[in-house]
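Visitor: Pasting a structure here, questions to come.
The values are calculated or read from the model by the stated rules, or taken from the named source; none is laboratory data. Note that this is a predicted model, so its numbers are computed, not measured. Virtual Cβ from ideal backbone geometry, glycine too; neighbours counted across all protein chains shown.
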Amino acid sequence: MLFDPITISLLLAAAVRLSAPMLLASLGELVSERAGVLNIGLEGLMLFGAFGAVLGLQESNDPLIGLLSGALWGLGAAAILALAVALLRADQIVIGIGFNILALGATSLLRQVALNPSYNAPSLRAVSLYRIPVLYHWPIVGRAFFMQSPVFYGAVLLAILLGLMLKYTRLGLIIRAVGEGAGAADAAGVSVTVVRFGAMAFTGLCAGLGGGYLTIVASGGVFVDNMTAGRGYLAVAVVIFSRWRPIWILAASILFGCADALQYQGQAIGLSIPPPLLLMSPFVLALVAWVLMGKGKTGPGEIGLPFLRGQK
Amino acid sequence: MTYSIDRRRFVGMALGTAVLSGAGFGSARAFAADPTEVAGLFTGSVTQGNWDPPGYAAFTAMAKKYNFKPSYVDNATYEAAPAILRQMAARGVKMIICHSSGYSAAVEEVAKEYPNTQFVIYSYASDTAGLKNYSAWSVNWDQYGFVTGAAAAVSSKAKHIAIIAGEEIPSAKRAVEFTIKGAKSVTPDIKVETIYTGSFTDIAKAKEIATGVIARGVDVLIPSADLADVGTQQAAEDNQAFTIGSYMDQSKDYPDAVVTSTVLNFNKAYDQMGQFFTEGKLNGTIYTMDLSNDGWTMATPFRHVDASVQARIVDLMSKIAKNQISVE
């Protein structure tokens with residue numbers, strides 16, 4: 001039997017583990033998009049976060065400081081990106097793509113300059129695994145949902161808090177107002193620039209933490225060039241796929257994680273599907289998200305548009 | 001001193017050089033006292049992984065020994081290679097060594113235009129298009145895969161091994177084919193799982209895959225995904241499984257996992273390139289690097305396994321080297 005309970009349990013556990021960096025980055029991206037900024041530079045932000053986390057780990061020998069460092073590197077990089085997009089009102093898509101290319105070269109250069117190639121990371125168990133008592137024994141789902149990194153649990157909590165914040169708080173209302181109609185928000189006295197800058201900074205923080213998860217939790221404290229391998233782009237697709245709703249982002253991230261995990265679990269259990277087809281599956285999902293679901297009514301009205309006062 | 005440059009900086013400099021040349025400020029001048037310039041082309045970073053760094057080390061050692069002026073371009077993609085090779089040859093580099101078989105099409109294209117520059121491929125080549133200035137040091141990858149598979153199979157108590165490969169490219173598929181052949185030659189009822197991660201850099205994915213196959217009973221893994229191999233090695237160390245290292249002795253990096261490693265004799269190949277070039281003997285020949293001429297070997301002593309495992313593999317390699325066993 002191809003899909004016995006053990007295989008399904010392993011598949012789900014792998015899917016959840018692989019979804020964590022995407023989940024963090026997507027939650028960050030959600031806030032940017034809700035504020036009207038299509039942050040294509042997410043891949044680059046994750047890459048800076050991944051590098052920053054290993055640098056922090058190397059300097060402190062503490063995985064928590066490493067993760068914090070990754071988040072701060074993401075924040076710093078996002079500030080540069082926000083300077084161009086929110087303050088100087090440059091084209092969001094062009095700047096985002098350029099930023100990703102820059103991040104690839106910059107992190108490669110920084111790695112050569114700042115990281116010790118023979119560095120051996122200390123035990124990372126404190127951030128890589130926490131078993132929730134009793135629940136982790138549950139068949140099939142126990143291993144998947146209750147034997148994960150504390151960072152993943154934190155991301156789930158963040159999704160819930162973001163949902164509440166966007167729906168019920170004044171800050172959430174302001175962010176949504178700027179994304180729906182920047183001109184109207186501006187007329188009401190809201191600083192569109194400040195809101196968008198802040199939203200992008202938050203995105204950087206989350207994406208940086210996602211990159212940090214990738215290096216510290218998922219890769220044992222090792223950074224290699226281009227190791228995000230397209231996860232930032234997938235995270236953008238996750239936001240669209242989930243109709244800009246935080247809880248749906250949680251589900252969509254795990255769905256994308258499933259597609260990712262199926263790539264190789266499928267090969268391992270002998271699914272008679274050619275490996276290249278399985279390897280394409282997350283990207284096929286992303287295309288579906290962009291093409292079929294990108295134009296929904298629930299999306300922010302002015303997403304991707306720079307705010308220029310006096311212009312309709 | 002070695003001058004380093006990556007692809008992005010290279011493109012900028014190439015453009016700058018082209019502008020200056022066009023304006024008449026620059027010219028290809030050679031001074032009698034200048035040492036001969038040789039260049040290397042690498043697919044990845046020369047400071048990461050287990051393929052390019054040892055190749056680069058052999059390249060610089062060769063340059064030092066024969067008093068060449070070395071330069072290199074790392075992260076050089078195959079599609080950018082023709083432009084890079086032309087620029088190097090045009091500025092007077094006398095020998096360009098490409099550290100991957102993927103550059104063969106670019107070399108074939110450019111070597112015709114620059115007969116005074118020697119082009120060399122390290123890794124694999126089946127022919128050199130009849131060009132006198134295109135030579136190759138070709139590893140016998142069939143033999144390599146066969147012995148790697150045999151070593152993994154003999155080391156596996158569970159009779160269940162896995163190959164964690166990167167992208168499903170022709171050379172990888174062929175290596176997998178011979179690895180399976182080698183494993184089955186020593187343990188006919190062995191179960192071999194082959195999984196392509198689709199990436200040579202995604203450590204997290206390789207680690208996840210390796211963890212999954214270990215949970216299903218695999219006890220020896222063959223990492224074959226370049227930079228992503230780190231993930232496979234980490235998973236093996238975390239879950240008390242074993243691995244066969246690749247290209248260089250990796251037992252120091254992963255002491256709890258590595259049983260043995262394939263070790264390519266980069267130094268010998270690069271030294272021969274320097275020697276033959278100095279003596280004017282590079283003439284379009286393909287030199288095979290195999291077990292019979294120390295082109296590659298397995299690191300000893302084997303770890304975590306009985307002494308009989310090492311003895312069987314050493315015996316197998318000896319028989320292959322003497323043509324008493326054919327891997328075909």
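Visitor: What's the total number of residues in segment B:212-224 that are facing another protein chain (nearest Cβ under 10 Å) and in a loop (DSSP other than H, G, I, E, B)?
Guide: Of the residues in that region, 2 qualify.
Visitor: Hey, can you tell me all the residues within segment A:87-125 that are among the aliphatic types (A, V, I, L, M), within 11 Å of chain B (Cβ to nearest Cβ) and part of a helix (DSSP H, G or I)?
Guide: Of everything in segment A:87-125, those that are among the aliphatic types (A, V, I, L, M), within 11 Å of chain B (Cβ to nearest Cβ) and part of a helix (DSSP H, G or I) turn out to be A:I101, A:L102, A:L104, A:A106, A:L109, A:V113.
Visitor: Right, another one. From the list B:G217, B:G198, exactly one residue is more than 30 Å from B:M62 (Cα to Cα) and surrounded by fewer than 18 Cβ atoms within 10 Å (Cβ to Cβ). Which is it?
Guide: That would be B:G217, the only listed residue that is more than 30 Å from B:M62 (Cα to Cα) and surrounded by fewer than 18 Cβ atoms within 10 Å (Cβ to Cβ).
Visitor: Those residues that are under 22 Å from the mean Cα position of the chain (by Cα) and surrounded by fewer than 17 Cβ atoms within 10 Å (Cβ to Cβ), I need them from segment B:66-79; list them, please.
Guide: Residues satisfying the conditions are B:T77, B:Y78, B:E79.
Visitor: Name the strands (runs of 3 or more DSSP E) wholly within segment B:67-184 that hold at least 2 residues that are more than 14 Å from chain A (Cβ to nearest Cβ)?
Guide: Those strands (runs of 3 or more DSSP E) span B:69-74, B:95-98, B:118-123, B:134-139.
Visitor: Scan segment B:95-130 residue by residue and report those that are surrounded by fewer than 17 Cβ atoms within 10 Å (Cβ to Cβ) and more than 19 Å from B:A76 (Cα to Cα). Steps first, answer last, please.
Guide: Kept after step one, since they are surrounded by fewer than 17 Cβ atoms within 10 Å (Cβ to Cβ), are these residues of segment B:95-130: B:105, B:109, B:112-113, B:115-116, B:126-127, B:129-130.
Answer for segment B:95-130, where residues must be surrounded by fewer than 17 Cβ atoms within 10 Å (Cβ to Cβ) and more than 19 Å from B:A76 (Cα to Cα): B:K112, B:E113, B:P115, B:N116, B:S126, B:D127, B:A129, B:G130.
Visitor: Still on this structure: Confirm whether B:L227 is crowded, with 24+ Cβ neighbours inside 10 Å, more than 9 Å from every other protein chain (Cβ to nearest Cβ), under 16 Å from B:A172 (Cβ atoms) and touching a residue at least 60 places away in the same chain (Cβ under 8 Å).
Guide: Judged against the criteria, B:L227 is not a match.
Visitor: Here's something else I'd like to know. Just one of A:P276, A:P300, A:P306 is at pLDDT below 90 and within 14 Å of chain B (Cβ to nearest Cβ); which is it?
Guide: After applying the criteria, what remains is A:P276.
Visitor: Related question: Since A:V141 meets every condition but one in (1) at pLDDT 90 or above; (2) in contact with a helix residue (DSSP H, G or I) (Cβ under 8 Å, 6 or more places away or on another chain); (3) more than 13 Å from chain B (Cβ to nearest Cβ), which condition does it not meet?
Guide: (1)
Visitor: Take B:A175 and tell me if it is out of contact with any Asp or Glu (no Cβ under 7 Å at 6 or more places or on another chain), more than 21 Å from A:D260 (Cα to Cα) and among the aliphatic types (A, V, I, L, M).
Guide: So B:A175 passes the test.
Visitor: Exactly one condition in (1) within 14 Å of chain B (Cβ to nearest Cβ); (2) surrounded by fewer than 24 Cβ atoms within 10 Å (Cβ to Cβ); (3) touching a residue at least 12 places away in the same chain (Cβ under 8 Å) is false for A:S19; which is it?
Guide: (2)
Visitor: Limited to segment B:86-116, what total is found for residues that are within 20 Å of the chain's Cα centre (by Cα) and closer than 21 Å to B:D34 by Cα? Walk me through it before giving the result.
Guide: Within segment B:86-116, the first condition is being within 20 Å of the chain's Cα centre (by Cα), and the residues that meet it are B:95-108.
Next, only the ones that are closer than 21 Å to B:D34 by Cα stay: B:95-97.
Total meeting the criteria: 3.
Visitor: Still on this structure, please answer the following. On the basis of being farther than 21 Å from B:G44 by Cβ, in the same structural domain as B:A257 (by TED's automatic domain parsing), at pLDDT below 95 and among the polar types (S, T, N, Q), does B:T211 make the cut?
Guide: Yes: the conditions hold for B:T211.
Visitor: Of all residues in segment A:227-237 being more than 14 Å from A:V54 (Cβ to Cβ) and in a loop (DSSP other than H, G, I, E, B), which is nearest to the other protein chains (Cβ to nearest Cβ)?
Guide: A:A229
Visitor: OK, next. For A:G204, indicate whether it is buried (at least 24 other Cβ atoms within 10 Å of the Cβ), more than 17 Å from B:F200 (Cβ to Cβ), within 14 Å of chain B (Cβ to nearest Cβ) and at pLDDT 95 or above.
Guide: No; evaluated as a whole, the condition is false for this residue.
Visitor: Based on this model, can you work out whether B:A235 counts as among the hydrophobic types (A, V, I, L, M, F, W, C), buried (at least 24 other Cβ atoms within 10 Å of the Cβ), outside the structural domain of B:N116 (by TED's automatic domain parsing) and not in a strand (DSSP E or B)? Working first, answer last.
Guide: Working: among the hydrophobic types (A, V, I, L, M, F, W, C): yes; buried (at least 24 other Cβ atoms within 10 Å of the Cβ): yes; outside the structural domain of B:N116 (by TED's automatic domain parsing): yes; not in a strand (DSSP E or B): yes.
Here the answer is yes, as B:A235 does meet what is asked.
Visitor: Residues in segment B:164-184 that are over 22 Å from A:M280 (Cβ atoms) and surrounded by fewer than 18 Cβ atoms within 10 Å (Cβ to Cβ): how many?
Guide: Total meeting the criteria: 4.
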